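The values are calculated or read from the model by the stated rules, or taken from the named source; none is laboratory data. These numbers come from a predicted model, not from an experiment. Neighbour counts are summed over all protein chains in view; Cβ atoms, including those assigned to glycine, are modelled from backbone coordinates with ideal geometry.
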Amino acid sequence: MLTETLLVIGAYLIGSVSSAIIVCRLMGLPDPRTQGSNNPGATNVLRIGGKKAAAITLLGDSLKGFIPMLVAHLFEASPLVFALTGLAAFLGHLYPLFFGFKGGKGVATALGVQFGLHWGIGAGVGLIWLFMAKVVNISSLSALVSMAIAPLIVWLIWPSPALVMMQIAVTLILFWRHRSNIQNMLSGKEGKIAEENGIGTDQD
């Protein structure tokens, strides 16, 4: 019981490490919470610091979800513990303990959790994102569609009620965190992936 509890707490603490803020500090860039969209995510880091900083941020956000799930595998955790660990890492990114509980939108961390749970789940969600991005050219819409289908992918690959419920919770939270993106899409104002400035609307 102690090991399982430490896994969940550790996942939240790892998720609470803001890749965007740390990368910006190390690279001498402005605090992403005070620049651009004020969102500490890879898209805003791209906006204020360029592709290299954004790529490092994206990798860091993904690893925050992947590493706790890898540790859960090493301890041969139960599906319930996997579910709680993944949810904790995701919530840590959204509401980071170390940064005033103000985090990003969570797509990269959610994808890291999915890859850490099972490579097939992560690959399935990632491929849907790529397909949608090619078709609609809107990053946030691609993310929301892929995450909406994610519970079905989890059920097909690892049919555990706990894991499916975890993914449903993550999906619902992601939709809530992207409510401004959804409003922009409904009004036709959502940014494209490949605009003149090369940057769409924040979705991570």
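Within the stretch 1-30, the set of residues being in contact with a Pro (Cβ under 7 Å, 6 or more places away or on another chain) and more than 30 Å from PRO79 (Cα to Cα) comprises ALA20, ILE21, CYS24.
Taking the stretch 21-48 as the range and being farther than 19 Å from LYS64 by Cβ and assigned to a helix (DSSP H, G or I) as the test, the residues that pass are ARG47, ILE48.
What do you reckon, is ILE21 in contact with a Cys (Cβ under 8 Å, 6 or more places away or on another chain), surrounded by 18 or more Cβ atoms within 10 Å (Cβ to Cβ) and within 28 Å of ILE193 (Cβ to Cβ)?
Against the criterion (in contact with a Cys (Cβ under 8 Å, 6 or more places away or on another chain), surrounded by 18 or more Cβ atoms within 10 Å (Cβ to Cβ) and within 28 Å of ILE193 (Cβ to Cβ)), ILE21 does not qualify.
Do we have ALA133 as at pLDDT below 95 and not in a loop (DSSP other than H, G, I, E, B) here? Give the derivation first.
Working: at pLDDT below 95: yes; not in a loop (DSSP other than H, G, I, E, B): yes.
Considered against the rule, which asks whether it is at pLDDT below 95 and not in a loop (DSSP other than H, G, I, E, B), ALA133 comes out as yes.
Answer yes or no: is there a residue in the stretch 60-80 that is surrounded by fewer than 22 Cβ atoms within 10 Å (Cβ to Cβ) and more than 23 Å from THR3 (Cα to Cα). Yes, because at least one residue in the stretch 60-80 is surrounded by fewer than 22 Cβ atoms within 10 Å (Cβ to Cβ) and more than 23 Å from THR3 (Cα to Cα). Looking at the stretch 85-103, can you tell me whether even one residue there is within 22 Å of GLY122 (Cβ to Cβ), without any contact (Cβ under 8 Å) to a residue 60 or more places away in the chain, in a loop (DSSP other than H, G, I, E, B) and not basic (Lys, Arg)? The answer is no, given that none of the residues of the stretch 85-103 is within 22 Å of GLY122 (Cβ to Cβ), without any contact (Cβ under 8 Å) to a residue 60 or more places away in the chain, in a loop (DSSP other than H, G, I, E, B) and not basic (Lys, Arg).
Screening GLN183 against (1) at pLDDT below 95; (2) part of a loop (DSSP other than H, G, I, E, B); (3) not hydrophobic (A, V, I, L, M, F, W, C) leaves a single unmet condition, (2).
Of note, PHE131 does not satisfy the criterion of being at positive phi and surrounded by fewer than 24 Cβ atoms within 10 Å (Cβ to Cβ).
Here's the yes/no breakdown for (1) more than 21 Å from GLY106 (Cβ to Cβ); (2) in contact (Cβ under 8 Å) with a residue 24 or more places away in the chain; (3) more than 14 Å from the chain's Cα centre (by Cα):
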site: THR34; (1), (2), (3): no, no, yes
site: PRO40; (1), (2), (3): no, yes, no
site: ILE67; (1), (2), (3): no, yes, no
site: VAL71; (1), (2), (3): no, yes, yes
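Residue check, GLY65 against (1) closer than 15 Å to PHE101 by Cα; (2) assigned to a helix (DSSP H, G or I); (3) not aromatic (Phe, Trp, Tyr), all met but one. Which one? So GLY65 meets the others, but not (1).
Do the conditions hold for ALA54, that is, is it touching an Asp or Glu at 6+ places or on another chain (Cβ under 8 Å), closer than 26 Å to TRP119 by Cα and at pLDDT below 95? For ALA54, the condition - touching an Asp or Glu at 6+ places or on another chain (Cβ under 8 Å), closer than 26 Å to TRP119 by Cα and at pLDDT below 95 - is not met. Picking from residues in the stretch 42-65 that are touching a residue at least 60 places away in the same chain (Cβ under 8 Å) and not hydrophobic (A, V, I, L, M, F, W, C), the one that is nearest to VAL170 (Cα to Cα) is ASP61.
Checking the condition farther than 23 Å from GLY10 by Cα, in a helix (DSSP H, G or I) and of a type in the set (Val, Ile, Thr), which residue from VAL164, VAL145, VAL170 passes? Outline the logic, then answer.
Numbers: VAL164 fails: farther than 23 Å from GLY10 by Cα; VAL170 fails: farther than 23 Å from GLY10 by Cα.
Result: VAL145 is the single residue among VAL164, VAL145, VAL170 that is farther than 23 Å from GLY10 by Cα, in a helix (DSSP H, G or I) and of a type in the set (Val, Ile, Thr).
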